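Input: a single structure, listed below in structure tokens.
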Amino acid sequence: MDLRHLFLQFNINRNDLNPVLEHEVKGIYFDARQVVPDSVFVAIKGTQNDGHKFIDQAILNGAIALVVEQKNKVPDYYKGLVIAVPNTRQALDTLAATFYGFPSEELFCFGITGTNGKTSITYILEHILNTYHKPTAVMGTVNHRIQDRLWTSQMTTPDPVTLQKRLRDFRDHGAVAVAMEVSSHALDQKRADSVHFNTAIFTNLTLDHLDYHKTMQEYFQAKQRLFTDLMWSSIKKPRFAVVNIDDSYGRKLQVAEPVVIWTYGQKEADFQFKILDMNYSETTFELKTPVDTLKVQIPLSGLHMVYNVVASMAAALSSGISIEQSIKALRNFEGVPGRLQKVQTSGSKTAFVDYAHTPDALENVLKALNEIRNLTKKKNKIITVFGCGGDRDKTKRPLMAQIAARLSDFVFVTSDNPRTEDPFTIVNEVKAGLPAEFIDYEVEVDREKAIAAAIRQASADDVILIAGKGHEDYQIIGTEKIHFSDFEVARKYL
């Protein structure tokens, strides 16, 4: 694609004879260090760096066009194309979609947002649609993938260039649909504005990311953009919003007028469910839809996972997969890595690894384990191992400690990803949230030692929950990322 066609939406003079406009564009970059000859550099004002400071480096590396908010930052000697825009983040998103040929228009696009449940829903949707020969790609926290093709994931929702390139990759590898996690950061930073979604799913909204959004209202407004701005601008027809009506923010959610709204939950909803039976391996529930009442059995545990399954079945229905087909497909679903993932063992102790790293997620998973214990009428103990990440929202730390103490029989407070914070400072801030009367806990900063101690302490039939890192196979200490898997460590000591 040449520059003239790439910038058609930017009101350049179509009769301009500048020869640079005929140059083939080799790529679009917002990191000046990555710029190659005949590429476009977009200067982004970030939270820590301003791309305008690196324009000279981009020019030196061969940029033939610059997209900026401040034209006066471009040196006089530069002879390439300069486009000044009010918002370079928005421009980057538009350019990326144009450069890769608007791949979302060729895919059935599911967008999942909310604090918890996004990853699980992408896995469930992938399984259901693949069962019925609709090759479905996934873009999210764990990785990016289409069938046996895999790419690593650096963040929940990538930058616009990576996002649009990956959608093109998915289509080129045979995908007909994609299930995308859409984070609040991405929505706020307009990373996914050029994705044409068919169906958007809202799971819930609980305390998280206040280090970035500052208030819950700002956090909610970022999430809502998916259902207003992005769904309004989507060219897909029809469009659907699948909304958790049991969540207080779900009830407040505004949705663009052309979009069909389907609600789900335990209360009055279009897709209403009732738990019938649950153990540590499976759950049976009744699902009432607008046309039928059905019995569903899934090889998963936990109320929160039932919410994810019901949301996924409703979303799958919007793509043409019937509820009955979804029920059949889910009978052999193998679960989600790091989401109440059972560590298989020949012994009588049971360990689960879960990504719960927010107060609400930890409460959900511990409530699920307590509910199962009550249903099975066993006297087993629940032992929880958890920590809190460094350089992240500190308000979560005491809250998670309170929840762990209230819903566990014994708690090990340990490190998560301390990053550049002192691990001892973090665990002390977590420990400060433990009630004064709660004495059944131990502090062990070394995460492997904490997991090993919890497993040693457990008696027959006890349940160990290792929370916070889930699918992650690393631990970040300082700025170094070292290999560490809760699942592998638990299996080693079991």
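The values are calculated or read from the model by the stated rules, or taken from the named source; none is laboratory data. This structure is a prediction, so every number in the text was calculated from the model and none was measured. Quick reminder, even Gly has a Cβ in these numbers, built from the backbone with ideal geometry, and neighbours come from all protein chains shown.
Looking only at residues that are crowded, with 24+ Cβ neighbours inside 10 Å and of a type in the set (V, I, T) in the range 154-183, which one is nearest to K45 (Cα to Cα)?
T157
Looking at (1) assigned to a helix (DSSP H, G or I); (2) modelled with pLDDT under 90, which one does K379 not meet, given that it meets all the others?
Of the numbered conditions (1) assigned to a helix (DSSP H, G or I); (2) modelled with pLDDT under 90, the odd one out for K379 is (1).
Can you name the residue in the range 31-66 that is acidic (D, E) and not in a helix (DSSP H, G or I) and, of all such residues, is nearest to G80 (Cα to Cα)?
Out of the qualifying residues, it is D38.
Looking at the range 1-54, which of the residues that are under 19 Å from Q70 (Cα atoms) and of a type in the set (S, T, Y) is nearest to the chain's Cα centre (by Cα)?
Taking the candidates together, the pick is T47.
Looking only at the range 370-403, count how many residues are aliphatic (A, V, I, L, M), over 30 Å from G478 (Cα atoms) and in contact with a helix residue (DSSP H, G or I) (Cβ under 8 Å, 6 or more places away or on another chain). Don't jump to the end; show me each part of the working.
The initial filter retains those residues of the range 370-403 that are aliphatic (A, V, I, L, M), namely 372, 375, 382-383, 385, 399-401, 403.
Add one more test, that the residue is over 30 Å from G478 (Cα atoms), and what stays is 372, 375, 382.
Pick out the ones that are also in contact with a helix residue (DSSP H, G or I) (Cβ under 8 Å, 6 or more places away or on another chain) and you get 382.
Adding up the residues that qualify gives 1.
Got a number for residues in the range 458-484 being under 26 Å from T425 (Cα atoms), out of contact with any helix residue (DSSP H, G or I) (no Cβ under 9 Å at 6 or more places or on another chain) and not hydrophobic (A, V, I, L, M, F, W, C)? Break it down stepwise before answering.
Pass one, the range 458-484, residues under 26 Å from T425 (Cα atoms): 464-484.
Now drop any that are not out of contact with any helix residue (DSSP H, G or I) (no Cβ under 9 Å at 6 or more places or on another chain), which leaves 474, 476, 478-483.
Still in the running and not hydrophobic (A, V, I, L, M, F, W, C): 474, 478-481, 483.
Qualifying residue count, the range 458-484: 6.
Please verify whether Y132 is in contact (Cβ under 8 Å) with a residue 24 or more places away in the chain and touching a His at 6+ places or on another chain (Cβ under 7 Å), treating the condition exactly as stated. Explain how you work it out, then say what you get.
Working: in contact (Cβ under 8 Å) with a residue 24 or more places away in the chain: yes; touching a His at 6+ places or on another chain (Cβ under 7 Å): no.
No, not satisfied.
Hey, L150 hits all of (1) modelled with pLDDT under 95; (2) surrounded by fewer than 19 Cβ atoms within 10 Å (Cβ to Cβ); (3) within 21 Å of the chain's Cα centre (by Cα) but one; which does it fall short on?
(1) is the only condition that L150 fails.
State all residues of the range 262-308 that are among the β-branched types (V, I, T) and buried (at least 16 other Cβ atoms within 10 Å of the Cβ); if no residue qualifies, say none.
Once the filter is applied, which keeps residues that are among the β-branched types (V, I, T) and buried (at least 16 other Cβ atoms within 10 Å of the Cβ), the range 262-308 yields T263, T283, T289, V296, I298, V306.
Name the residues in the range 418-441 that are closer than 16 Å to M400 by Cβ and not in a loop (DSSP other than H, G, I, E, B), would you?
P423, T425, I426, V427, N428, E429, V430, K431, Y441
Take the residues of the range 309-341 that are under 21 Å from the mean Cα position of the chain (by Cα) and of a type in the set (D, E, K, R): which is surrounded by the fewest Cβ atoms within 10 Å (Cβ to Cβ)?
Top of the filtered list is E334.
Is it the case that A186 is surrounded by 17 or more Cβ atoms within 10 Å (Cβ to Cβ), out of contact with any helix residue (DSSP H, G or I) (no Cβ under 6 Å at 6 or more places or on another chain) and over 20 Å from T115 (Cα atoms)?
No, not satisfied.
Hey, I275 hits all of (1) out of contact with any helix residue (DSSP H, G or I) (no Cβ under 9 Å at 6 or more places or on another chain); (2) more than 26 Å from E472 (Cβ to Cβ); (3) part of a strand (DSSP E or B) but one; which does it fall short on?
The one condition I275 does not meet is (1).
Does the range 96-107 contain any residue that is farther than 23 Å from V36 by Cα, within 25 Å of the chain's Cα centre (by Cα), of a type in the set (A, V, I, L, M, F, W, C) and crowded, with 18+ Cβ neighbours inside 10 Å?
Yes, the range 96-107 contains a residue that is farther than 23 Å from V36 by Cα, within 25 Å of the chain's Cα centre (by Cα), of a type in the set (A, V, I, L, M, F, W, C) and crowded, with 18+ Cβ neighbours inside 10 Å.
For the range 77-183, list the helices (runs of 4 or more DSSP H) that sit wholly inside it and hold at least 1 residues that are over 30 Å from N49 (Cα atoms); which are they?
Those helices (runs of 4 or more DSSP H) span 118-131, 160-172.
Would you mind stating whether E448 is within 27 Å of the chain's Cα centre (by Cα), free of Cβ contacts under 8 Å to residues at least 60 places away in the same chain and closer than 23 Å to M305 by Cβ?
no
Name, by its number, the condition in (1) in contact with a helix residue (DSSP H, G or I) (Cβ under 9 Å, 6 or more places away or on another chain); (2) assigned to a loop (DSSP other than H, G, I, E, B) that does not hold for G320.
(1)
For residues in the range 55-77 being more than 11 Å from F41 (Cβ to Cβ) and among the acidic types (D, E), which is surrounded by the fewest Cβ atoms within 10 Å (Cβ to Cβ)?
For the range 55-77, the residue satisfying everything is D76.
From the list A315, A329, A351, A311, pick out the single residue that is in contact (Cβ under 8 Å) with a residue 40 or more places away in the chain, under 24 Å from G470 (Cβ atoms), outside any loop (DSSP other than H, G, I, E, B) and in contact with a His (Cβ under 8 Å, 6 or more places away or on another chain).
Criteria check complete, one pass: A329.
Could you please give the count of residues in the range 278-303 that are in contact with a helix residue (DSSP H, G or I) (Cβ under 9 Å, 6 or more places away or on another chain) and either aliphatic (A, V, I, L, M) or assigned to a loop (DSSP other than H, G, I, E, B) (or both)?
So the answer is 15.
For the range 379-436, enumerate the residues that are basic (K, R) and surrounded by fewer than 22 Cβ atoms within 10 Å (Cβ to Cβ).
Of everything in the range 379-436, those that are basic (K, R) and surrounded by fewer than 22 Cβ atoms within 10 Å (Cβ to Cβ) turn out to be K379, K381, R392, K394, R406, R419, K431.
Scan the range 67-123 for residues that are among the basic types (K, R), under 22 Å from Q189 (Cα atoms) and in contact with a Lys or Arg (Cβ under 9 Å, 6 or more places away or on another chain) and report the count.
Of the residues in that region, 1 qualify.
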